[in-house]
Amino acid sequence: MPRPLVLASASPFRRALIERLGVPFSVSRPEVDETRMPGESAEALVRRLAGAKARTVAARQPEALVIGSDQVAVLGERILGKPGDRERAIEQLRESAGRRVDFLTGLCLVDGITGRMEVDVVPFTVVFRPLTLAQIEAYVDRDRPFNSAGSFKSEGLGIALFERMEGTDPTALVVLPLIRLVSMLKDAGFDVLVQAD
């Protein structure tokens with residue numbers, strides 16, 4: 001009997017990605033303060049939050065393998081959060097147009113039985129096309145990326161904003177790096193190729 005697998009996230013994007021693996025899992029929303037600590041780097045932030053989310057849920061479900069994840073977008077030295085509304089999304093995309101944005105996704109797997117925790121940060125880079133204000137406004141009005149770091153949905157029309165993408169795992173851009181997750185699960189004795197329905 002395979003170990004219960006739990007996603008410590010309420011994100012529909014993460015849920016949809018894990019569904020691609022064809023393994024049974026459940027979802028549990030972690031209650032974690034996501035405030036950045038003073039002086040904390042983007043990498044340290046996503047590493048800490050991915051771990052905190054997984055540990056919080058593992059404390060409630062100690063028999064499970066728990067997956068935690070967190071992502072930030074970085075433009076230059078600045079972390080781009082979720083815009084929340086149309087105006088901020090347009091402003092973020094105006095700043096990103098013609099520039100490189102690095103996405104850092106923290107990934108953590110906690111084994112509730114052994115207490116073993118594996119944490120990693122998976123980078124992925126997007127280079128935006130030069131964009132006009134009219135193009136940005138049209139995109140934002142169509143895709144409404146208000147709850148997406150960087151103000152786009154790469155799984156939707158957002159792909160049209162890019163000149164190129166750089167990285168080893170394109171699913172990292174959508175918020176959950178499946179290639180790395182599959183390796184972590186295998187290290188914990190959960191082989192998705194054998195466990196798949």
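The values are calculated or read from the model by the stated rules, or taken from the named source; none is laboratory data. Small disclaimer: the values here were computed from a predicted structure and weren't measured. Cβ atoms come from the backbone with ideal geometry, glycine included; neighbour counts cover every protein chain shown.
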For Thr114: the one exception among (1) among the hydroxyl-bearing types (Ser, Thr, Tyr); (2) within 20 Å of the chain's Cα centre (by Cα); (3) surrounded by fewer than 20 Cβ atoms within 10 Å (Cβ to Cβ):
(2)
Please count how many residues of region 166-183 are under 18 Å from Gln92 (Cβ atoms) and modelled with pLDDT of 95 or more.
0
Failed criterion for Phe146 (all others in (1) in contact with a Pro (Cβ under 6 Å, 6 or more places away or on another chain); (2) buried (at least 19 other Cβ atoms within 10 Å of the Cβ) hold):
(2)
Within region 130-143, count every residue that is surrounded by 14 or more Cβ atoms within 10 Å (Cβ to Cβ), within 13 Å of Glu91 (Cβ to Cβ) and out of contact with any Leu (no Cβ under 6 Å at 6 or more places or on another chain).
3
Which listed residue, of Arg48, Arg88, is in contact (Cβ under 8 Å) with a residue 60 or more places away in the chain, not small (Gly, Ala, Ser) and not in a loop (DSSP other than H, G, I, E, B):
Arg88
Listed residues Arg20, Arg36, Arg14; which is surrounded by fewer than 17 Cβ atoms within 10 Å (Cβ to Cβ), under 19 Å from Gly81 (Cα atoms) and in contact with a Leu (Cβ under 8 Å, 6 or more places away or on another chain)?
Arg36
Exactly one of Ala149, Ala58, Ala138, Ala52 is out of contact with any helix residue (DSSP H, G or I) (no Cβ under 7 Å at 6 or more places or on another chain), of a type in the set (A, V, I, L, M, F, W, C) and under 16 Å from Leu173 (Cβ atoms), and that residue is Ala149
Identity of the residue in region 158-186, of a type in the set (Lys, Arg) and in a helix (DSSP H, G or I), that ends up surrounded by the fewest Cβ atoms within 10 Å (Cβ to Cβ):
Lys186
